[in-house]
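See structure below.
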Amino acid sequence: MGKHAFSLKTIYLAALTAVFAVSFFAFVAFDLYSQQRQTEQAMLEEARTFAREMDAVWQFMDNSQSIINNSSSGGYEFKGLHCSVVGKSVGRLFSAGSDYHIRYTNFDPRSEQDIPDEFETKALEAFNADRSVTEYYGVAPFDGEDRFRYLQALEVDDSCLECHGEPVGELDITDHAKEGWTLESVGGAISIVIPLDQQQAAMRGNVIRDMAYFLLITVFIGLVILVVTTVFVLRPLGGMHAAFGELKQGRLGASVSQRFAAKEVRSLIAGFNDMAGELRGMYEHLESQVQERTVNLREANALLERQRDKLEQLNADLAQETQFKSDLLSMVNHELRTPLTSIITFAQISREACDPANEHDRRSWEEIEKNSRILLNMINNMLDIARSDAGGMRATCEPMDLGDVAASVKGTMAPLARKYEVSFSTKVASDVPLVNGDYEKTTRMLENLASNAIKFTPDGGSIELRVAYDAEARVVTLSMVDDGIGIAPEDQARIFERFVQVDSTSTRKYNGSGLGLALVREYGDMQGFAVSVESELGRGSRFVITIPASAIVGEIEGEDDV
Ligand code: ADP
């Protein structure tokens, strides 16, 4: 709320007070004015009545002159009861002992008592100036006090002229010199003085009564407005204010009573109650949702914790396993491979140094060498697979001569083949180009294929390693072809998986680990060489390593597309 905001009650009180003050003063001013007018009018009417009465006396006396002045003997006898004398006397009698005065006046009166005072002079001047003006009145001082003064012009008629007419200076019946009036002259004025006190007291009383009445009505109206506003607007609004306060403090149960509220306030309250209800609903919904979520979260958290524990356990197991594996590998490497290599070399040397006559010794050394080689190959495969798993194996691609590779494979594998009674030959086409690849790995791939071929080819069979270049397809192929036991079509895909061995214990010449072909494929993938097999049961197998054009030295990749 702003700094200068006032309560509705204060605004009402201020507005009512302002309206009251203005209308009160306006009312008092108007009342005073109208009461004054009324009093004046009443006094004017009173004065006029007096004047009419005096006129009647005058008239009566005028009309009665002949009767009054007739003596009992029937002659004329002026009794001195002239209308003017009687009028003035009646006036004096009337005025004696009261605040009312009735007298006659003129500019040049015959009696000193009738000399006009200031107000009367002004009236006479007005009558003389304009004959149509016959009345003159107002509040003016008389005997030092403010009174209501009224003057009425006296008409001159024939009876007046008798004593006041022409000729001027002639003595009339009362021995006064005549003034020389005519019918047009102003015969003076009747002057009436009415006291103000009584009228003014009555007027004051009226004004005070009116004011009291006005005050009473206004206060009553103000009270009614205040009570109505308080009951129908302010109190319901106050209730709403309190309810807002409760809402603000989080007590959502707040609701406001609509009893005694005005229609507009009632709809406001209804709106507020609806809003509070909605808020309540929303809050309850939210609370239940929060609770639900909290439960869900707690569950999810517990699950996560369990999984984390499991993972930690697994991690610990793995770490232990990895440690064990690497210990095993280094043990295999140092404790088996190194002595095996020495044994092979020693067996070779011993065989060559053997007495040619001593066939038995030579065969023994050959046996040792053969078995050691098979064992070494198995160990090598195992170590290579483990190294590949550890991610520490990468092919180094550099130009290599496949003729050299074939010769090396032949050098290693031919003695073994011979030992197992199969022939081993190599055929390298003259147009085979240099290819980019890993010499070591390619040799190992071919040695593995050759070892398998020897293993699964019965005595008297033949094995050939062919290196060829397909100029059309622009690929180099390394094929290990044997005429051994062959592989069933359903086994051809799975033999490249690790540890898969087709059950042929009876037909195989020596055991293996089931890792040979898996390693061949992995080494192929490392260099971008494809490995495939074609075989027929009982008729032999043909394993092909396809070296793509991109690996051929001097070959521009995508030449075909140009
Ligand atoms: P292994 O150590 O048993 O030789 P390999 O991964 O080298 O394992 O070979 C998997 C299986 O594929 C062999 O057990 C064998 O049944 C089959 N196999 C591989 N080469 C030949 C082949 N030249 N002739 C017939 N069967 C073969």
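Bear in mind these aren't lab numbers, they're just calculated from the coordinates by the rules spelled out. Here the structure is a predicted model, which means the values were calculated and not measured. Backbone-built Cβ (ideal geometry, glycine too); neighbour counts: all protein chains shown.
Here are some notes:
- Counted residues, region 430-480 - those being within 16 Å of the ligand (Cβ to nearest atom), in a strand (DSSP E or B) and small (Gly, Ala, Ser): 2
- Within region 177-205, the set of residues being out of contact with any helix residue (DSSP H, G or I) (no Cβ under 7 Å at 6 or more places or on another chain) and assigned to a loop (DSSP other than H, G, I, E, B) comprises Gly180, Thr182, Leu183, Glu184, Ser185, Leu196.
- Test set (1) exposed (fewer than 12 other Cβ atoms within 10 Å of the Cβ); (2) assigned to a loop (DSSP other than H, G, I, E, B); (3) without any contact (Cβ under 8 Å) to a residue 40 or more places away in the chain - Leu81 fails condition number: (1)
- Residue check, Glu522 in a strand (DSSP E or B), touching a residue at least 24 places away in the same chain (Cβ under 8 Å) and out of contact with any Leu (no Cβ under 9 Å at 6 or more places or on another chain): no
- Selection within region 488-497: residues that are hydrophobic (A, V, I, L, M, F, W, C) and closer than 30 Å to Ile552 by Cβ. The member of this set that is farthest from the ligand (Cβ to nearest atom) is Ala493.
- Look at (1) closer than 24 Å to Val332 by Cβ; (2) in a helix (DSSP H, G or I); (3) more than 16 Å from the ligand (Cβ to nearest atom) and you find that Ser408 fails only one, number (1).
- In region 465-491, the residues that are free of Cβ contacts under 8 Å to residues at least 12 places away in the same chain reach residues that are within 12 Å of the ligand (Cβ to nearest atom) with C-beta atoms within less than 7 angstrom, at least six apart or across chains, in these pairs: Asp491/Val502.
- Residues considered: Ile208, Ile221. Of these, the only one that is assigned to a helix (DSSP H, G or I), free of Cβ contacts under 8 Å to residues at least 12 places away in the same chain and surrounded by 13 or more Cβ atoms within 10 Å (Cβ to Cβ) is Ile221.
- Residues in region 389-433 that are of a type in the set (A, V, I, L, M, F, W, C) and under 18 Å from Met526 (Cα atoms): 7 in all.
- Selection within region 498-518 - within 8 Å of the ligand (Cβ to nearest atom) and surrounded by 16 or more Cβ atoms within 10 Å (Cβ to Cβ): Gln501, Val502, Arg508, Gly512, Ser513, Leu515, Gly516, Leu517, Ala518
- In region 481-497, residue farthest from the chain's Cα centre (by Cα) [restricted to those that are exposed (fewer than 15 other Cβ atoms within 10 Å of the Cβ) and assigned to a loop (DSSP other than H, G, I, E, B)]: Ala488
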